[in-house]
Each structure stands twice: as C-alpha cells, then as structure tokens.
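Structure, as structure tokens:
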Amino acid sequence: MDGYCYLTFPTVYFAIRTEAVLRETSHSFKLVPVPRSISSSCGTALRCSCTDLTAIKETLTQANVSIENSYGPLP
Amino acid sequence: MNTESRNLYFDNAATSWPKPEPVYGAAERYLRRASGNPGRTGSTQTIAAERALYQARESLARFFNAADPSRIVFTFNATDALNMALKGTLAPGDHVLYTAMEHNSVLRPLGGLKRAGLISTQMIPCSEEGLPDLDFLERALRRRTRLLAVNHVSNICGAIAPLKEMLALAHRHGAVLLVDAAQSAGVLPIDVQALPIDLLAFTGHKGLLGPAGTGGLYVRPGLELKPWREGGTGSFSEQDRQPESMPERLEAGTLNGPGLAGLIEGLNFIEEQGLEQIRSREMALSAYLRAKLSPIPGLTLHGPAEPSRCTAVLSLTMAGVDCGELGYTLESAYGILSRTGLHCAPLAHRALGTFPEGTVRLSPGVFTAEADLAYLAGALAEIAKDKARKG
Ligand SMILES: Cc1ncc(COP(=O)(O)O)c(C=O)c1O
C-alpha cells in the first residue's frame, strides 16, 4: 500500500478519545506524532489505512469526536 | 499500650492517609514510564502520558456524573479551583453571597476582590450546628447577585449544607452556585445532573484518596469562565490567546500527571468499595466514637450529631484545657494525630461559638478501625480524668 492517511484533532482530548471509540471496531489505527508535512493544533494524529479513512471518520463523527482535518495518502 | 499496629491518624480532613495501595504504584509508574509532556509533541511516551490524563478526566466525569468530560478542568487543589471559579466568573459590580462555613480559600479571594473595589459581598449566617440560615439567604439574594458560594461540608464539624434548597434559591434569582466540595467529594454522593450545580470545586488528596497537587473544577455546560491562568496548552500554538475550547481554556501549563495517575486509582478504590458503603461505614464509626465521647465530663462535641446531617468529621473542646495543649498531649502521650486551632475557617468557628480558641478536630478515614477509635476515646477519657484530678 502507498502510504497512510491521517486525521488531526482540535485538542488532545479528542485524539485520545479515538482510541476508546475505535477499539470497539475492527479498524486498525495508531496514534502517532503529527507528521512534519502537516500542521495541526494538537501534536497527536491518528494514522490509518486510506481504505478505512471514510469509515473511521464516520464512526468518530457519530461518537462526537471533533476532527480537525484529514490528510493522505502520505508516505 | 501497644500502638504499633494501630492507625492513629485522625487528620483525614486535612489530607487522607494512608492511600489505597494502587495509588502509590500508579504515580510511580507514571513517573518512570509515561513521562514526556502531555499535549505537547506526540512521541509514544507523550501519548502514554496523554492517556493517563484522558482517563483521569473520564473517571472524574463518571464519578460526578458529568455528561461531558471536557467540562472537568484539572487544578492543583480545591484552592486553585475556587480561585479559578471566582475570578473567572465575577465581573466588576457583581454581588456575591457566601456562608459563614466557608474556608479561607473562598473568603480570601472574595476579600481581595472586595478590597479592590470590584465586588460587594454578604455573609449568610450559620447556626451553632453550622447550618446556613435559608430565610436570610432568600432575603439577601438580589438582582446583582452573581454567585452564591457554599461549602458543602464543614471542615470543622462535618455539617452538610442543604445544597438542593440553596441551589433552588440561587437559580430562582439567576445566581450561579459554586460548591466547595473539598470535604464532600468521595464522602457524599455528588451528581451534577441530578443536582445541576454550576461550579464544583474539589481536591484530590482528601476524600478522593489521591495524591496532593491534584483537584479540579467542574464547569456546567453553557457557563464559560474567563481564563484565570494563561499559557501553553499544546494546541492552537500559533495564537497568542488562550484557546476557547474546554478544558484548554482553563488549563494552561504542565499538569500533574503522576498525581492524576494516582488519583485514578483513588477513584477506582471508591468505586470498588462503593461510596454508599464507605459512607455508612464511616457513619457507624462516627456514631461509635460519639457514644464513647459524650459521657466524658467536660468534653463538648460541636456541630450536628444527627448522622444524616453530618459526615464523620468531629470537633471537640475540653473545659479548662487549651485545644493546642490537648492536641499536643494526644500526640506526645498517645501517638494520636489530630488538628487543632481554627482550621482556616474563622467565621465558622464564630458560628459554632469556638472562636478564637478553636477546637480539636478528629477526622477518621476509610482505613480507620473501631479499635483505633476505642483507643482514641480512652485517651481522651484519661486526659479528662487527669485534668479533673489536678483541677
Ligand atoms: C472546606 C475546604 N475548602 C477548601 C480547602 C482547600 O483545599 P486544598 O488545600 O486542597 O486547596 C479545604 C482543605 O484544606 C477545605 O476543608
């Protein structure tokens, strides 16, 4: 696969909350430092496979997690 | 008498001790593994630190039944939360009411704002049992009254303020209710949805059984405070103004991660034991102690005796014995730790009729056993007898 997709969040609180929300699903994801090529108000981003991005965004939105932006694919 | 195996610490109202065992381990684990500055850059260690803070916020929200965890702001103790609440809410010209049972952590910030000519204040008197005069409160509320500050539980005599009635009165007059839960959090159930308190200030190192340097302020949704402390949050770093989102709005600076990691375990302990169970056990112990103490000649217990109206915090005086001296004798001759004097609440001692001498305060905790109280009562009986003999 060519690189990952990323989601950024307005605050750390939401970044950490994604773990609790997504743990209930089968998506694989990882919290990582925000890559240098993107800028975000919080230093932690969610990294996932680009095929899962839409589904993950939907799950998070339903769980009231505020998403700042989505990016990808990045190398 | 052998005191080795006894728990003779009766100053849990100052700070609870000992802590549940997992509290120590969690703070140590955080210090060893989860360091890195939460909210700053996203290294793996930092994310572990962020997780601990997230969990602490969730645990506290669940504990007080707050629907939205982002309304729980971490502070360094109750004093910090009370300052944040008062200074973040009040504006020039506001009128503020407070009860005679308030701690200096409310009285002094209010005094300062008043001396600066910013606000006017009025005290709600309390009875000799430490209960506020609700008729007086109703008459004192006016159009300009912005806030009513209430100490939920007296740190001197354990008297419980009638929050429900006070909240109804405050809200009917458009005032915000600030509750000082320093002595009640972890002791009495607090549900910010069942009883829609606007501002709830609490500390982590007393009834919540966590480390010192932890605490928080719950801010009701829709109420936005002016930031009292401004600085780095790790978010919106390009802006030179404090972010508006909660909790960052009120939470600048590096937080007490190790303390909060410990506090989570304190909350877990309370949840496992059950707050109701802890409360009924404490009240049974308190009744036992009162029954042992009341027959002692010359000893007076202050505050309400009826278990539904107080917690296990108890204040006493002994006729003809200075309370500082009594506290000293308890410690030096019996190894018993109490707290003497005015307990940072001078107006409360006036209400109870124990100003300026103060009282000896005895506050058992979750790890106090009946045998410890029997020893304590025995010591006080002996001191009283000695006093009567020497005159
Ligand atoms: C009623 C009351 N309010 C406020 C405080 C202040 O708590 P802290 O020292 O944790 O800020 C205390 C305890 O000292 C207290 O008993």
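The values are calculated or read from the model by the stated rules, or taken from the named source; none is laboratory data. Note that this is a predicted model, so its numbers are computed, not measured. FYI the Cβ positions are ideal-geometry reconstructions off the backbone, even for glycines, and counts take in every protein chain you see. The accessibility values were calculated without ligands, DNA or RNA, using every heavy atom of the protein model including side chains. Shrake-Rupley method; radii C 1.70, N 1.55, O 1.52, S 1.80 Å.
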Among (1) within 13 Å of another protein chain (Cβ to nearest Cβ); (2) within 16 Å of the ligand (Cβ to nearest atom) - the single one B:R229 does not satisfy: (1)
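Just give me the residues in segment B:211-226 being open to solvent by 50 Å² or more (accessible area, probe 1.4 Å) and more than 14 Å from chain A (Cβ to nearest Cβ), in sequence order. Can you show your working first?
So in segment B:211-226, the residues open to solvent by 50 Å² or more (accessible area, probe 1.4 Å) come out as B:212, B:220-222, B:224, B:226.
Result: B:A212, B:R220, B:G222, B:E224, B:K226.
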Does any residue of segment A:16-26 turn out to be outside any loop (DSSP other than H, G, I, E, B), of a type in the set (A, V, I, L, M), without any contact (Cβ under 8 Å) to a residue 12 or more places away in the chain and open to solvent by 20 Å² or more (accessible area, probe 1.4 Å)? yes
For the structure I just gave you, tell me whether A:Y13 is surrounded by 21 or more Cβ atoms within 10 Å (Cβ to Cβ) and modelled with pLDDT under 90. yes
Does A:S70 satisfy the criteria of being away from every other protein chain (no Cβ under 14 Å), exposed (fewer than 13 other Cβ atoms within 10 Å of the Cβ) and on the phi < 0 side of the Ramachandran plot? no
Out of B:E244, B:E238, B:E265, which single residue is more than 14 Å from chain A (Cβ to nearest Cβ), open to solvent by 40 Å² or more (accessible area, probe 1.4 Å) and either assigned to a loop (DSSP other than H, G, I, E, B) or of a type outside the set (S, T, Y) (or both)? B:E265
Every residue from segment A:29-50 that is more than 10 Å from chain B (Cβ to nearest Cβ) and part of a strand (DSSP E or B): A:F29, A:L46, A:R47, A:C48
The listed residue being more than 14 Å from every other protein chain (Cβ to nearest Cβ), open to solvent by less than 50 Å² (accessible area, probe 1.4 Å), modelled with pLDDT of 95 or more and within 16 Å of the ligand (Cβ to nearest atom), out of B:A91, B:A85: B:A85
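What residue, of B:G210, B:G320, is more than 25 Å from B:A371 (Cβ to Cβ), of a type outside the set (D, E), in the same structural domain as B:P356 (by TED's automatic domain parsing) and in contact (Cβ under 8 Å) with a residue 40 or more places away in the chain?
Details: B:G210 fails: in the same structural domain as B:P356 (by TED's automatic domain parsing).
On inspection, the qualifying residue turns out to be B:G320.
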Return the residue satisfying two criteria in turn: it lies in segment B:64-77 and is open to solvent by 10 Å² or more (accessible area, probe 1.4 Å) and within 16 Å of the ligand (Cβ to nearest atom), and of such residues it is nearest to the other protein chains (Cβ to nearest Cβ). B:F76
